[in-house]
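Below: the structure, in structure tokens.
The values are calculated or read from the model by the stated rules, or taken from the named source; none is laboratory data. All figures in this text were calculated on a predicted structure; none of them were measured in a lab. Methodologically, a virtual Cβ is constructed for each residue, glycine included, from the backbone with ideal geometry; neighbour enumeration extends over all protein chains shown.
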Amino acid sequence: MTTDSTAGTTVKKHILIVDDHPFIIQGYKNAITRYKPDEFEFFIEQANDCKSGYDIITNPETKDFDIAFLDISMPAYEEKGMFSGEDLAKLLNKYMPHCKIILLTMYTELLKIKNLISAINPNGLVIKNDLTFDELLFGFDKVMKNEIYYSQSIQKMIDLAESEAIEI
């Protein structure tokens, strides 16, 4: 293990979590705050629907987020054309282009997954059924290291689709 001369200082990271299930938000927060606590200090903002997510992202007082966890399916904000976490991800790309986006979904259809990857190009894409505490930390670690993380089911779908691709 190496030590550096800046021991005792932590890197501050701003995180946004948007999910309509408070229990899920709490789980993400529990995992994130346990990630290398001697190296990082996390400031976490949360929203529980498209409206509250929109309000946080577009607020000029909001400091740019380093990473955002966005659930795909949640209550819409029709007045602003926000119908899903996908729309919030596009908004984040516009307002905070350096924010790393981790999308979380229950969708398991290949076409939907491919569309999410194509439209958003997320740093992380997770099928919620794949999610465990350890898996969340593993994926979060990869994204923190500027790597792309796809959960097991997504990776299997992509691999299978590529191996079965038919050239026309």
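What's the total number of residues in segment 34-61 that are polar (S, T, N, Q) and at pLDDT below 95?
Residues meeting the conditions: 0.
Within segment 81-90, is there a residue that is in contact with a Ser or Thr (Cβ under 7 Å, 6 or more places away or on another chain), among the hydroxyl-bearing types (S, T, Y) and more than 26 Å from D141 (Cβ to Cβ)?
yes
How many of the residues making up segment 38-89 are part of a helix (DSSP H, G or I), of a type outside the set (D, E) and either exposed (fewer than 14 other Cβ atoms within 10 Å of the Cβ) or more than 18 Å from the chain's Cα centre (by Cα) (or both)?
Taking segment 38-89 as the starting set, the residues that turn out to be part of a helix (DSSP H, G or I) are 50-58, 78-80, 85-89.
Right, trim to of a type outside the set (D, E) and you get 50-54, 56-58, 80, 85, 88-89.
With the extra rule that they be either exposed (fewer than 14 other Cβ atoms within 10 Å of the Cβ) or more than 18 Å from the chain's Cα centre (by Cα) (or both), the set shrinks to 58, 80.
The number of residues fulfilling the criteria is 2.
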